[in-house]
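The values are calculated or read from the model by the stated rules, or taken from the named source; none is laboratory data. Since the model is a prediction, treat every value here as computed from it, not as a measurement. For neighbour counting, all protein chains shown are included, and Cβ atoms are generated from backbone atoms with ideal geometry for every residue, glycine included. Heads up: the accessible areas ignore ligands, DNA and RNA and are worked out on the full protein's heavy atoms, side chains in. Shrake-Rupley method; radii C 1.70, N 1.55, O 1.52, S 1.80 Å.
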Amino acid sequence: MKKVQGSCLCGAIVYEVPIADIGEITTCYCNLCRKNHGAERRLRAATLTRNFRWVKGEQFLSRFQHGIRLEKQFCRVCGTPLINRYLTESERFGLAIATLDQHPEKSAVRHDHVASKPDWVKVHDTLPTFDTVPDITGEVLSLERGNIVIRTNDGQEERVAVQNSQSNQFEEGDRVRASLAFNANHYTLSKVS
């Protein structure tokens, strides 16, 4: 299993992750990512936790909980944002791709939350762009209060936040499409055939 390492700016923290556990790399322009990274955009990837490990410096991690779903983990010495832990998902987290010290053998596949980017930020490539994120289509695997887990057509599992009233309208096994509107905090679900 081929692995890559990443680190913070000052080198106090080093982590290691298998390349196969790094998901799609996306460029995000949402306000949260831009403020979190102090940059016009953020390269990120949902990454599996199962084989991720801190090689050194875990004692230098600081944590900041943003809302009920996200915990930012960063170096308390230099401030480098490293990962965002999803509090409703223990099996994966958001990895700040720019902190990798070696090539992850994959590249960004799309631009998300383009409707949130400032006017002065330009997209200079031909990757697909989305006002928010692409719709998620698949089968409902489980329903939890405020969350639904969907198995996508390509076999991935996605956990999406929905209004509690919406989660009561669906059952395990239903085929659904989850859409996120601009400035929305929850996905809207619809049944598909």
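Restricted to the stretch 161-183, and to residues that are closer than 22 Å to residue 92 by Cβ and part of a loop (DSSP other than H, G, I, E, B), which residue is farthest from the chain's Cα centre (by Cα)?
Once the filter is applied, the top-ranked residue is 172.
Filtering the stretch 161-193 down to residues that are under 23 Å from residue 115 (Cα atoms) and among the aromatic types (Phe, Trp, Tyr), which residue is least open to solvent (accessible area, probe 1.4 Å)?
187
Output the residues belonging to the stretch 142-157 that are open to solvent by 40 Å² or more (accessible area, probe 1.4 Å) and either closer than 21 Å to residue 31 by Cα or not charged (D, E, K, R) (or both).
Start the filter on the stretch 142-157 by keeping residues that are open to solvent by 40 Å² or more (accessible area, probe 1.4 Å), which leaves 143-145, 151, 153-157.
Once the filter is applied, which keeps residues that are open to solvent by 40 Å² or more (accessible area, probe 1.4 Å) and either closer than 21 Å to residue 31 by Cα or not charged (D, E, K, R) (or both), the stretch 142-157 yields 143, 153, 155, 156.
Residues checked against (1) out of contact with any Gly (no Cβ under 8 Å at 6 or more places or on another chain); (2) loosely packed, with under 13 Cβ neighbours inside 10 Å; (3) part of a loop (DSSP other than H, G, I, E, B); (4) in contact (Cβ under 8 Å) with a residue 24 or more places away in the chain:
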| position | (1), (2), (3), (4) |
| --- | --- |
| 82 | no, no, no, yes |
| 89 | yes, no, yes, yes |
| 94 | yes, no, no, yes |
| 103 | yes, yes, yes, yes |
| 110 | yes, no, no, yes |
| 125 | yes, yes, yes, no |
| 137 | yes, no, no, yes |
| 140 | no, no, no, yes |
| 159 | yes, no, no, yes |
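Could we say that residue 43 is aliphatic (A, V, I, L, M), open to solvent by less than 20 Å² (accessible area, probe 1.4 Å) and either more than 27 Å from residue 123 (Cα to Cα) or assigned to a strand (DSSP E or B) (or both) here?
No: the conditions fail for residue 43.
Determine whether residue 40 is out of contact with any helix residue (DSSP H, G or I) (no Cβ under 7 Å at 6 or more places or on another chain), in contact (Cβ under 8 Å) with a residue 60 or more places away in the chain and not small (Gly, Ala, Ser). Spell out the reasoning first.
On the way: out of contact with any helix residue (DSSP H, G or I) (no Cβ under 7 Å at 6 or more places or on another chain): no; in contact (Cβ under 8 Å) with a residue 60 or more places away in the chain: yes; not small (Gly, Ala, Ser): yes.
For residue 40, the condition - out of contact with any helix residue (DSSP H, G or I) (no Cβ under 7 Å at 6 or more places or on another chain), in contact (Cβ under 8 Å) with a residue 60 or more places away in the chain and not small (Gly, Ala, Ser) - is not met.
With respect to the numbered conditions (1) farther than 16 Å from residue 13 by Cβ; (2) buried (at least 17 other Cβ atoms within 10 Å of the Cβ); (3) in contact with a helix residue (DSSP H, G or I) (Cβ under 7 Å, 6 or more places away or on another chain); (4) in contact (Cβ under 8 Å) with a residue 60 or more places away in the chain, which one is the sole condition not fulfilled by residue 69?
All conditions are met except number (3).
Run residue 124 past the list (1) at pLDDT below 90; (2) farther than 30 Å from residue 53 by Cβ and report the number of the one that doesn't hold.
Among (1) at pLDDT below 90; (2) farther than 30 Å from residue 53 by Cβ, residue 124 violates only (1).
Name the one entry in 75, 33, 8 that is under 17 Å from the mean Cα position of the chain (by Cα), open to solvent by less than 20 Å² (accessible area, probe 1.4 Å) and either modelled with pLDDT under 90 or at negative phi (or both). Steps first, please.
Values: 75 fails: under 17 Å from the mean Cα position of the chain (by Cα); 8 fails: under 17 Å from the mean Cα position of the chain (by Cα).
Of the residues listed, the single one that is under 17 Å from the mean Cα position of the chain (by Cα), open to solvent by less than 20 Å² (accessible area, probe 1.4 Å) and either modelled with pLDDT under 90 or at negative phi (or both) is 33.
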